[in-house]
Amino acid sequence: MRFLVLGGAGYIGSHFVKQALAKGNEVIVIDNLQTGHKDALNAKAIFYQGDIRDKSFLKAVFSNHKIDVCVHFAANSLVGESMEKPLLYFDNNVYGTIVLLDTMLEFGVKRIVFSSSAAVYGIQKEMPITESALTTPANPYGESKLMMEKIMKWSDVAQGMRYVSLRYFNVAGAASDASIGEDHRPETHLIPIVLQVPLGKRENVTIYGNDYDSPDGTCVRDYIHIDDLIRAHLLAADYLIGDNPSDIFNLGSQSGYTNLEILQVARKVTGHPIPMQFGPRRKGDPDKLVASNKKAGEILGWRPENDLETIIGSAWAYHRSHPQGYKE
Ligand code: UFG
């Protein structure tokens, strides 16, 4: 299969590129390198540096390659930043997707695997969360992902643009050979922050809030190994190639862990005491986010294979071998 990967130099995109190439596919990558890393790019992929909002740039890439499936990761993805700069999120994420879909239609490419987020759900009472739950995003990032899903839906109704939207829960870990991993700047995610302590890059971890409605008072999240997550994208591409209808799937493990449980597993994996302190709640954090992954199991045949210890172990292997992250 020939994939065009938008945002292929980012954390999730680069892992997709690696797995897709390993399975013998051809991969073309577009990335503006705003948050992606040149070093994360696989040498076997054909790379174009540019922005998805740039129509003439996109047209040039589509003219050069006959694409089977687009896999769309190119987006700004920090919840906190989106609360401060909502227009940036609607411009890059939503407008960028419109330009991409428009170009795809112009070139007759009508299959897209889309990187969505649990952030479309906002705060929910019922756990695990199913795909039919009411979507009430609590921040512009989640709203932008929901808008992108709706834009794809109407492009399908009107023009036959078939899509699979994958709503990720908490993605973590790194490729099993530790060649690529997670390197966000600034880092805001719990697991890489926790691992900065045994790496000697910070003294301790602040856990935001201990008065949530959970067994130990800290937030509950559903962690999914990056390799399991990527496998679902390849299954989604096969599903689209098989002429199946557009659909939306949660990608999570269906098990929730509190922030303190994450800390405990990280202590076990690293052998470091990882001191912690409690801080105030972080704005906009839901108490609990746990996915129902039943639908992805039934329709895509996808099941996560890696447990939390393997997830944190793989992240640790990456960070230990790349203590400064990517070069640039
Ligand atoms: N946390 C801490 N201390 C830290 C960092 C995080 O206590 O230094 C806590 C957070 O408050 C939260 C939990 O760890 O309770 C997980 O936080 P992350 O930032 O790692 O992940 P989120 O659950 O906030 O975000 C994830 C994805 C987003 C997505 C969101 C949906 O990373 O892309 O879920 O709600 F939008």
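The values are calculated or read from the model by the stated rules, or taken from the named source; none is laboratory data. All figures in this text were calculated on a predicted structure; none of them were measured in a lab. Reconstructed Cβ throughout: ideal geometry from the backbone, glycine too, with neighbour counts over all protein chains shown. Heavy atoms of the whole protein, side chains included, go into the accessibility calculation; ligands, DNA and RNA do not. Shrake-Rupley method; radii C 1.70, N 1.55, O 1.52, S 1.80 Å.
Please work out if I262 is open to solvent by less than 50 Å² (accessible area, probe 1.4 Å), within 16 Å of the ligand (Cβ to nearest atom) and not in a loop (DSSP other than H, G, I, E, B). Against the criterion (open to solvent by less than 50 Å² (accessible area, probe 1.4 Å), within 16 Å of the ligand (Cβ to nearest atom) and not in a loop (DSSP other than H, G, I, E, B)), I262 qualifies.
Among the residues of segment 48-88, those identified as at pLDDT 95 or above, assigned to a helix (DSSP H, G or I), open to solvent by 70 Å² or more (accessible area, probe 1.4 Å) and not polar (S, T, N, Q) are K59, L87. The conditions of being β-branched (V, I, T), touching a Cys at 6+ places or on another chain (Cβ under 9 Å) and at pLDDT 95 or above are not met by V27. Hey, among the residues in segment 126-140 that are more than 14 Å from the ligand (Cβ to nearest atom) and in contact (Cβ under 8 Å) with a residue 24 or more places away in the chain, which one's surrounded by the fewest Cβ atoms within 10 Å (Cβ to Cβ)? It comes out as T130.
Do you know which residues across segment 235-259 are open to solvent by 10 Å² or more (accessible area, probe 1.4 Å) and assigned to a helix (DSSP H, G or I)? Hits for segment 235-259 are L235, D238, Y239, I241, N259. Checking Y212, Y168 one by one, the residue that is open to solvent by less than 50 Å² (accessible area, probe 1.4 Å) and touching a Cys at 6+ places or on another chain (Cβ under 8 Å) is Y212 and no other. The residues in segment 4-47 that are touching a residue at least 60 places away in the same chain (Cβ under 8 Å), open to solvent by less than 10 Å² (accessible area, probe 1.4 Å) and β-branched (V, I, T) can be counted, and the count is 1. Residues that are open to solvent by 20 Å² or more (accessible area, probe 1.4 Å), over 18 Å from N244 (Cβ atoms), in contact with an Asp or Glu (Cβ under 9 Å, 6 or more places away or on another chain) and not in a loop (DSSP other than H, G, I, E, B) within segment 280-316 comprise just one, K288. Applying the condition of being open to solvent by 20 Å² or more (accessible area, probe 1.4 Å) and touching a helix residue (DSSP H, G or I) at 6+ places or on another chain (Cβ under 9 Å) to segment 141-159 and asking which residue is farthest from S77 (Cα to Cα) yields Q159.
Conditions first: (1) touching a residue at least 40 places away in the same chain (Cβ under 8 Å); (2) of a type outside the set (G, A, S); (3) in a helix (DSSP H, G or I). I112 passes all but one, so which condition is the exception? I112 satisfies all of (1) touching a residue at least 40 places away in the same chain (Cβ under 8 Å); (2) of a type outside the set (G, A, S); (3) in a helix (DSSP H, G or I) except (3).
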